[in-house]
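FYI, it's all coordinate maths here, none of it is from the lab. Just so we're clear, the structure is a prediction, and the values are computed from it rather than from any experiment. Cβ placement follows ideal geometry from the backbone for every residue including glycine, while neighbour counts extend to all protein chains displayed.
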Amino acid sequence: MSLSIRNRLTGTVTDITEGAVMSTVTVDLSGGQTVTAAVTLDAIKDLGLSVGATVEILIKSTEVALATGGVDGLSIRNRLRGTVSSLETGGAMAVVHIALDGGGVLTAAITLAAATDLALAAGSSVTALVKSTEVALATA
């Protein structure tokens, strides 16, 4: 299956907290960072998820926000540290490629105004922010 989702990371399920309808799945990336996905209980069952399972993490680039300063006091669970490896700009939007600390690559599509306000350039340290409800999981 081909997908338009640009961000695809692989990790290992380390925790599943089941709720009546929605659940959270914690996934460790090989570089030591962690991603949390909020998915339905049906999805956990349909995917056959269990602790130790390998999953693919899928995140649309438009769902990735960036910060260059502290990120305390936010409800956003996923805070992935990295360095801007390249930046593509257009009339209204910018595509930011981020080399994650410990390995992996993430892409963020943000407004050109935001990229300018953050003074983003290759080498900038950033934290990529993604709500757990915007993370999809896939299995082979």
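A few points about this structure:
- Helix-only [θ]222 nm of the chain, DSSP H runs n ≥ 4, -39500 (n - 2.57) each, per residue, nearest 500: -2000 deg cm²/dmol
- Relative contact order, percent, the stretch 7-138 [alpha-carbon distance under 8 Å, six or more residues apart]: 30
- Residues within the reach of a label modelled at Ser75 (point 7 angstrom out along Cα to beta-carbon, backbone nitrogen below 16 Å), restricted to the stretch 4-43, are 22-24, 37-39.
- Choice from Val51, Val35, Val126 with maximal GNM fluctuation in the chain (Cα, 10 Å cutoff): Val51
- Separation of alpha-carbon centers, the stretch 3-46 and the stretch 53-108, rounded to whole Å: 17
- Radius, Kirkwood style, for the stretch 70-133 when every pair of distinct Cα atoms is counted (Å): 12.2
- Approximate spin-label separation Ser2-Ala140, in nm, with each point projected 7 Å along Cα-to-Cβ: 2.2
- Computed lengthening from Ala67 to Glu18, 0.36 nm per intervening residue step minus Cα-Cα distance: 14.6 nm
- Distribution of pairwise C-alpha distances over the stretch 7-138, 10 Å bins, in %: 13, 43, 30, 13, 2
- Extents of the stretch 29-72, largest first, come to 38, 23, 19 Å (Cα atoms, principal axes, whole angstrom).
- Given charges at Cβ of Lys, Arg, Asp, Glu: the chain dipole, positive-most of Ile57, Leu112, Val130: Leu112
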